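In what follows, a single structure is set out as C-alpha coordinates and then discussed.
The values are calculated or read from the model by the stated rules, or taken from the named source; none is laboratory data. These numbers were taken from a predicted model, which means no experiment stands behind them. Here the Cβ positions follow ideal geometry from the backbone for every residue, glycine too, while neighbour counts run over all protein chains shown.
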Amino acid sequence: MRLTREESLLLIVDLQAGLLPVIEHGDQAVNEAAWLGGLAESLEVPVWLTEQYPEGLGGSEPRLLEALPGHRRWQKLTFDACANPEFSAALAESGRRQVVLCGTEAHICVMQTGLGLLEAGYEVYWLTEACASRRAAEARLARERMVQAGAVAVSADMVAYEWLHRCDDERFKQAHRRFLKARASRPLVFV
(Lines give C-alpha, C1' and ligand atoms only; values in the text may rest on other atoms or scores of the structure.)
Protein backbone atom coordinates (compact mmCIF):
# COMPACT_ATOMS: atom_id res chain seq x y z
CA MET A 1 0.00 0.00 0.00
CA ARG A 2 2.40 2.62 -1.22
CA LEU A 3 1.00 5.95 -2.32
CA THR A 4 1.53 7.00 -5.93
CA ARG A 5 0.73 10.37 -7.43
CA GLU A 6 -1.07 8.67 -10.33
CA GLU A 7 -3.54 6.94 -7.99
CA SER A 8 -3.89 9.64 -5.31
CA LEU A 9 -6.31 12.44 -4.55
CA LEU A 10 -6.03 14.85 -1.61
CA LEU A 11 -9.39 15.45 0.06
CA ILE A 12 -9.54 18.37 2.50
CA VAL A 13 -12.75 18.24 4.52
CA ASP A 14 -14.37 21.37 5.92
CA LEU A 15 -11.40 23.58 6.83
CA GLN A 16 -13.82 26.50 7.04
CA ALA A 17 -13.22 30.01 8.33
CA GLY A 18 -16.23 30.04 10.67
CA LEU A 19 -15.25 26.76 12.32
CA LEU A 20 -11.49 27.15 12.69
CA PRO A 21 -11.45 29.58 15.67
CA VAL A 22 -12.75 26.80 17.96
CA ILE A 23 -10.57 24.00 16.56
CA GLU A 24 -7.57 22.88 18.61
CA HIS A 25 -4.53 22.91 16.30
CA GLY A 26 -6.68 24.40 13.53
CA ASP A 27 -3.90 26.63 12.21
CA GLN A 28 -1.57 23.66 11.95
CA ALA A 29 -4.24 21.70 10.06
CA VAL A 30 -4.64 24.55 7.56
CA ASN A 31 -0.89 25.00 7.14
CA GLU A 32 -0.26 21.28 6.62
CA ALA A 33 -3.19 20.86 4.22
CA ALA A 34 -2.10 23.93 2.24
CA TRP A 35 1.50 22.73 2.11
CA LEU A 36 0.62 19.22 0.95
CA GLY A 37 -2.04 20.60 -1.38
CA GLY A 38 0.50 22.90 -3.03
CA LEU A 39 2.85 19.99 -3.53
CA ALA A 40 -0.04 17.86 -4.83
CA GLU A 41 -0.99 20.48 -7.41
CA SER A 42 2.63 20.76 -8.55
CA LEU A 43 2.66 16.96 -9.05
CA GLU A 44 -0.75 16.92 -10.79
CA VAL A 45 -2.47 15.17 -7.88
CA PRO A 46 -6.08 16.43 -7.68
CA VAL A 47 -7.01 18.47 -4.61
CA TRP A 48 -10.66 18.52 -3.54
CA LEU A 49 -12.20 20.61 -0.77
CA THR A 50 -15.55 20.12 0.92
CA GLU A 51 -17.58 22.72 2.80
CA GLN A 52 -20.22 21.73 5.34
CA TYR A 53 -23.18 24.13 5.29
CA PRO A 54 -21.13 27.19 4.25
CA GLU A 55 -24.07 29.52 4.86
CA GLY A 56 -23.65 28.86 8.57
CA LEU A 57 -19.97 27.91 8.93
CA GLY A 58 -18.47 30.16 6.26
CA GLY A 59 -16.52 29.07 3.23
CA SER A 60 -13.12 27.43 3.12
CA GLU A 61 -10.32 29.21 4.95
CA PRO A 62 -9.00 31.96 2.59
CA ARG A 63 -5.35 30.94 3.16
CA LEU A 64 -6.22 27.50 1.88
CA LEU A 65 -7.99 28.82 -1.21
CA GLU A 66 -5.07 31.12 -1.98
CA ALA A 67 -2.56 28.27 -1.69
CA LEU A 68 -4.62 25.89 -3.85
CA PRO A 69 -5.79 27.66 -7.01
CA GLY A 70 -6.42 24.37 -8.83
CA HIS A 71 -8.76 22.80 -6.26
CA ARG A 72 -12.25 21.46 -6.87
CA ARG A 73 -14.84 22.42 -4.25
CA TRP A 74 -17.91 20.53 -3.04
CA GLN A 75 -20.63 21.87 -0.76
CA LYS A 76 -22.46 19.39 1.43
CA LEU A 77 -25.12 19.02 4.08
CA THR A 78 -24.36 15.43 5.06
CA PHE A 79 -21.41 14.73 7.34
CA ASP A 80 -20.14 12.03 4.95
CA ALA A 81 -19.16 13.61 1.62
CA CYS A 82 -19.67 10.20 -0.02
CA ALA A 83 -23.41 10.49 0.66
CA ASN A 84 -23.48 13.15 -2.10
CA PRO A 85 -24.15 11.20 -5.34
CA GLU A 86 -22.39 13.82 -7.50
CA PHE A 87 -19.28 13.66 -5.30
CA SER A 88 -19.21 9.85 -5.34
CA ALA A 89 -19.73 9.71 -9.11
CA ALA A 90 -16.97 12.26 -9.76
CA LEU A 91 -14.58 10.38 -7.48
CA ALA A 92 -15.29 7.11 -9.29
CA GLU A 93 -14.82 8.84 -12.66
CA SER A 94 -11.48 10.28 -11.53
CA GLY A 95 -10.00 6.78 -11.44
CA ARG A 96 -8.14 7.68 -8.24
CA ARG A 97 -8.24 4.85 -5.66
CA GLN A 98 -6.02 6.36 -2.94
CA VAL A 99 -7.53 9.22 -0.91
CA VAL A 100 -5.32 11.24 1.42
CA LEU A 101 -7.84 12.62 3.90
CA CYS A 102 -7.68 15.54 6.33
CA GLY A 103 -9.73 18.38 7.77
CA THR A 104 -12.19 19.17 10.54
CA GLU A 105 -13.85 18.02 12.59
CA ALA A 106 -11.84 14.83 12.63
CA HIS A 107 -14.36 12.87 14.67
CA ILE A 108 -17.38 13.97 12.64
CA CYS A 109 -17.11 14.89 8.95
CA VAL A 110 -13.57 13.64 8.32
CA MET A 111 -14.21 10.29 9.99
CA GLN A 112 -17.63 9.76 8.43
CA THR A 113 -16.25 10.63 4.99
CA GLY A 114 -13.34 8.25 5.61
CA LEU A 115 -15.71 5.45 6.59
CA GLY A 116 -17.75 6.12 3.46
CA LEU A 117 -14.61 5.94 1.33
CA LEU A 118 -13.56 2.66 2.93
CA GLU A 119 -17.03 1.21 2.41
CA ALA A 120 -16.79 2.19 -1.26
CA GLY A 121 -13.47 0.33 -1.64
CA TYR A 122 -10.98 3.23 -1.60
CA GLU A 123 -7.64 3.18 0.19
CA VAL A 124 -7.78 5.91 2.85
CA TYR A 125 -4.71 7.66 4.25
CA TRP A 126 -5.42 9.69 7.41
CA LEU A 127 -3.20 12.80 7.31
CA THR A 128 -2.55 12.92 11.03
CA GLU A 129 -1.19 16.44 11.54
CA ALA A 130 -3.96 17.97 9.40
CA CYS A 131 -6.96 16.29 11.07
CA ALA A 132 -8.29 18.36 13.96
CA SER A 133 -11.31 18.76 16.23
CA ARG A 134 -12.45 21.13 18.95
CA ARG A 135 -10.79 18.77 21.41
CA ALA A 136 -7.57 16.97 20.47
CA ALA A 137 -8.73 13.83 22.30
CA GLU A 138 -11.58 13.45 19.82
CA ALA A 139 -9.20 13.80 16.87
CA ARG A 140 -6.99 11.06 18.37
CA LEU A 141 -9.99 8.80 18.92
CA ALA A 142 -11.14 9.37 15.32
CA ARG A 143 -7.68 8.41 14.02
CA GLU A 144 -7.71 5.25 16.14
CA ARG A 145 -11.14 4.28 14.88
CA MET A 146 -10.19 4.94 11.26
CA VAL A 147 -7.03 2.85 11.55
CA GLN A 148 -9.04 0.01 13.09
CA ALA A 149 -11.46 0.31 10.15
CA GLY A 150 -8.62 -0.01 7.62
CA ALA A 151 -7.24 3.50 7.03
CA VAL A 152 -3.51 4.16 7.22
CA ALA A 153 -2.20 6.98 9.44
CA VAL A 154 0.40 9.08 7.59
CA SER A 155 2.25 12.37 7.89
CA ALA A 156 2.54 14.99 5.17
CA ASP A 157 6.23 14.17 4.74
CA MET A 158 5.44 10.48 4.24
CA VAL A 159 2.94 11.34 1.54
CA ALA A 160 5.24 13.86 -0.15
CA TYR A 161 8.19 11.49 -0.45
CA GLU A 162 6.03 8.59 -1.62
CA TRP A 163 4.52 10.81 -4.31
CA LEU A 164 8.00 11.99 -5.35
CA HIS A 165 9.40 8.42 -5.31
CA ARG A 166 12.95 9.38 -6.33
CA CYS A 167 15.48 12.15 -5.76
CA ASP A 168 17.34 12.25 -9.07
CA ASP A 169 14.85 13.95 -11.36
CA GLU A 170 13.77 17.51 -12.02
CA ARG A 171 10.39 17.00 -10.33
CA PHE A 172 12.13 16.25 -7.03
CA LYS A 173 14.54 19.18 -7.40
CA GLN A 174 11.66 21.61 -7.95
CA ALA A 175 9.67 20.16 -5.04
CA HIS A 176 12.74 20.32 -2.81
CA ARG A 177 13.33 24.01 -3.59
CA ARG A 178 9.68 25.01 -3.31
CA PHE A 179 8.29 22.75 -0.57
CA LEU A 180 10.70 20.44 1.22
CA LYS A 181 13.59 22.66 2.37
CA ALA A 182 11.45 24.88 4.59
CA ARG A 183 9.90 21.99 6.55
CA ALA A 184 12.95 20.82 8.47
CA SER A 185 12.60 23.27 11.38
CA ARG A 186 8.80 23.27 11.63
CA PRO A 187 7.39 22.00 14.94
CA LEU A 188 4.32 19.74 14.68
CA VAL A 189 1.74 18.33 16.99
CA PHE A 190 0.40 14.92 16.07
CA VAL A 191 -3.07 14.56 17.53
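Tabulated values for the structure
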item	result
Residue check, Leu39 assigned to a loop (DSSP other than H, G, I, E, B), in contact (Cβ under 8 Å) with a residue 60 or more places away in the chain and crowded, with 18+ Cβ neighbours inside 10 Å	no
Restricting the stretch 143-182 to residues that are within 19 Å of the chain's Cα centre (by Cα) and of a type in the set (Lys, Arg), the residue that is surrounded by the fewest Cβ atoms within 10 Å (Cβ to Cβ)	Arg145
Some residue of the stretch 164-182 being modelled with pLDDT of 95 or more and in contact with a Gly (Cβ under 9 Å, 6 or more places away or on another chain)	no
Candidates Arg140, Arg97, Arg135 - the one that is over 21 Å from Leu15 (Cα atoms), of a type in the set (Lys, Arg) and surrounded by fewer than 20 Cβ atoms within 10 Å (Cβ to Cβ)	Arg97
Residue check, Glu32 within 14 Å of the chain's Cα centre (by Cα) and among the charged types (D, E, K, R)	yes
Looking only at the stretch 56-94, and only at residues there that are of a type in the set (A, V, I, L, M, F, W, C) and over 29 Å from Arg2 (Cβ atoms), the one that is surrounded by the fewest Cβ atoms within 10 Å (Cβ to Cβ)	Leu77
Number of positions in the stretch 131-142 that are over 15 Å from the mean Cα position of the chain (by Cα) and closer than 20 Å to Val30 by Cβ	5
Complete set of residues in the stretch 107-130 that are aliphatic (A, V, I, L, M) and closer than 13 Å to Ala81 by Cα	Ile108, Val110, Met111, Leu115, Leu117, Leu118, Ala120
Unmet requirement for Thr50, which otherwise passes all of (1) crowded, with 16+ Cβ neighbours inside 10 Å; (2) at pLDDT 95 or above; (3) over 18 Å from Ala151 (Cβ atoms)	(3)
